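Only one structure is covered here, and it is reproduced in the block below.
The values are calculated or read from the model by the stated rules, or taken from the named source; none is laboratory data. All of these numbers come straight from a predicted model, not from anything done at the bench. When we count neighbours, we look across all protein chains shown, and the Cβ atoms used for this are built from the backbone with ideal geometry, even at glycine.
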Amino acid sequence: MAIQAQLYSDNIGFPICGSLDLIDNGCGLVGAAAGFNQQISSQLQQLQQFQHLQNQHQRDQTFSFGSTNNNRESIMFEKQRYEIDQFIKSQNERLRLLLQEQRKQQYEVLVKKIESKASFLLRQKDEEIVKARNKTMELQNMLKKLEMENQAWQRVAQENEAMVVSLNNRLEQVREEQASCRFNNGVDDAESCCECEDNNEGIMETKGNGSFAAVDSSNQRQEEQEEKTTMVCKCCYCRNSSVLFLPCRHLCSCKDCATFLDSCPVCRTPKKACIEALIS
């Protein structure tokens with residue numbers, strides 16, 4: 001009986017490879033525990049069947065032997081029962097330790113998996129934070145650049161507005177100067193005519209109405225010549241000046257010549273821009 005119990009104890013061991021397969025296959029803690037419970041229940045059933053067979057065998061032996069061997073059989077029965085109890089206790093302890101060790105291994109594997117997954121997620125989040133931080137810095141730099149460009153365009157617009165106001169004032173001054181020049185030329189011509197009339201009164205009387213007409217026509221031609229000289233293009237001397245040069249603000253070129261000029265023909269200042277003046 002002791003030999004059979006020993007052989008049975010060798011065959012009833014809890015397979016470690018099965019637990020490792022369960023861990024490697026990734027069944028999880030719940031599936032592994034279910035597998036352990038099934039293996040334990042099957043082993044307990046085998047132990048109960050073995051004990052039942054031993055008891056039946058003992059009963060058969062008890063009925064087969066005579067009353068003279070009762071004491072010896074009872075001693076052997078007690079011994080076998082004690083051996084079976086010890087075997088069951090040892091198997092239970094072995095199963096308990098093995099189950100505890102395998103649960104510990106499962107916990108360790110589960111913790112490692114959780115740690116690896118958590119570290120992977122943390123790395124992803126760190127990368128996303130770095131990308132978001134870089135994107136925020138790029139947007140801030142772009143916003144600063146746009147603000148600087150906006151301020152620059154505002155300054156250019158203000159300068160252009162000031163230039164337009166200044167050019168309008170300059171055009172008004174030019175118009176006033178032209179009007180005053182025409183008026184002064186008329187006054188000077190009238191004075192010259194009066195002086196000529198006072199100095200040459202006798203001559204004018206002898207010549208009659210024909211000489212007066214000649215003087216008036218000569219004064220008119222002189223006025224027209226001075227006006228043409230003032231408004232004539234300083235480049236071609238053929239067409240009237242209609243282009244205002246910047247920054248010197250000289251109205252001294254026609255539209256056709258202004259396209260070929262790099263500087264003002266009056267003061268030789270480099271041309272930065274030019275505006276066509278519509279003078280009626």
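Let's see how each residue does on (1) within 60 Å of the chain's Cα centre (by Cα); (2) of a type in the set (Val, Ile, Thr); (3) assigned to a helix (DSSP H, G or I); (4) at pLDDT below 90:
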| site | (1), (2), (3), (4) |
| --- | --- |
| SER41 | no, no, yes, yes |
| THR68 | no, yes, yes, yes |
| GLU73 | no, no, yes, yes |
| LYS79 | no, no, yes, yes |
| LEU97 | yes, no, yes, no |
| PHE120 | yes, no, yes, no |
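If only one of ILE203, ILE275 is loosely packed, with under 14 Cβ neighbours inside 10 Å, hydrophobic (A, V, I, L, M, F, W, C) and either modelled with pLDDT under 55 or not in a loop (DSSP other than H, G, I, E, B) (or both), which one is it?
ILE203
Matching residues to (1) modelled with pLDDT of 85 or more; (2) surrounded by 10 or more Cβ atoms within 10 Å (Cβ to Cβ); (3) over 21 Å from CYS274 (Cβ atoms); (4) assigned by TED's automatic domain parsing to the domain that holds ILE275:
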site	(1), (2), (3), (4)
LEU143	yes, yes, yes, no
MET148	yes, yes, yes, no
TRP153	yes, yes, yes, no
GLU159	yes, yes, no, no
MET163	yes, yes, no, no
LEU167	no, yes, no, no
ARG182	no, yes, yes, no
ASN185	no, yes, yes, no
CYS196	no, yes, yes, no
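Here are some conditions: (1) over 30 Å from GLU276 (Cα atoms); (2) more than 24 Å from the chain's Cα centre (by Cα). LYS125 meets all but one. Which one does it not meet?
Going through the list (1) over 30 Å from GLU276 (Cα atoms); (2) more than 24 Å from the chain's Cα centre (by Cα), LYS125 breaks only (2).
Looking at GLN178, GLN106 in this structure, which one is touching a residue at least 24 places away in the same chain (Cβ under 8 Å), within 24 Å of LEU244 (Cα to Cα) and surrounded by 10 or more Cβ atoms within 10 Å (Cβ to Cβ)?
It is GLN178.
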